[in-house]
Each structure stands twice: as structure tokens, then as C-alpha cells.
1. For segment 73-134, report the translational diffusion coefficient in µm²/s to the nearest whole number, using Stokes-Einstein at 20 °C, 1.002 mPa s, and a Kirkwood Rh over Cα pairs.
2. Sticking with the crude label model, points 7 Å out along Cα→Cβ, report the distance from Glu19 to Asp131 in nm, one decimal please.
3. Residues of segment 24-43 with the amide nitrogen closer than 14 Å to a label point 7 Å from the Cα of Arg88, along Cα-to-Cβ, please.
4. So for the pair Thr46, His106, with labels modelled 7 Å out along Cα→Cβ, what separation do we get in nm?
5. Rounded to two decimals, what is Rg over Rh for segment 16-128 when you use alpha-carbon atoms and the Kirkwood radius?
6. Modelling each spin label as a point 7 Å along the Cα-to-Cβ direction, I'd like the Glu30/Asn96 distance in nm, to one decimal.
Amino acid sequence: MSAKSVKRKTTASVTGGWEQMLKAVPMPNEAARVTSEDLNGTITVTVPTRAKRFLFPPISWVIRPPKERQAVLDPLGATIWRACNGNRTVEEIVDNFAFQHRLSFHESRVSVTSYIKALLQRGALAVAVPDREA
């Protein structure tokens, strides 16, 4: 089989591309909670962790994983966290962020989507993705 005959799927074709991602609605994970809020706008979001399957006695006697993780969000991150309330799409959040900070839509999209991705990876956010239109 030649290299030319192999079709590769791009990220856009697998995940639906930017349009699909911009229509997604981020919301706080039901288990996540804000545990502290600073006067300068910094907030701490706490998310419970699950026990790992491989941690059983005697391993669990030695290794004690934390029962929760914390994410400390700076004022800009706190702004994005509060905007991810389940009522706005990513595109609306990006538009608002661009307007508030005098950025272009594309500059704002890079910042907001990377922050949302980090919060998703930490388990602080969940995302509702609309069905693809046929």
C-alpha cells in the first residue's frame, strides 16, 4: 500500500471542526465547587477525584491519592469560569471576552478555547455538544 493511498482524518473531520466546537455549551461539572474567592478576582475550584482501579491493598496502604483536586483560576480564568454557566455557547463566550478585552474574535477564540480545554481536562467543566446536522 502506497503512502498516497492512505487517507488521513484531520482533527476537523473527526471532531466536527471549529463550527461544531463553537456551538458547544460549557457548564460547570456538577461535582465541582468554588471553595474560595479572593478580593482580586482569583477563585479556587475544587473537583473530587475518583479512586484508581489499581489502588488496592497493599498498594493503597502506601500510595494515598488526593480525594480532590484544586484549580486556582486567575481573574481572567474566573471570568471564563463564570461565563461557562450552561446558558452560553463557546462562540458567545468568545464574543463577550473579545469585547471586554478589546481583542479580535480569533485572538479571543484561542485564549478562551485553550482555557476551556484546560478546565475540561481538570474535570471542572463539562460540555454539551449539539448533534451534527446531516
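What follows is calculated from the coordinates using simple rules that are stated; it is not laboratory data. The shown structure was predicted, so the numbers you read here are calculated from the model rather than taken from an experiment. Ideal geometry is used to build each Cβ from the backbone, glycine not excepted, and the neighbour counts take in all protein chains shown.
1. For these conditions, the coefficient is 177 µm²/s.
2. In this crude spin-label approximation the distance works out to 1.8 nm.
3. 24-28
4. 4.3 nm
5. Here the Rg-to-Rh quotient is 1.08.
6. 2.4 nm
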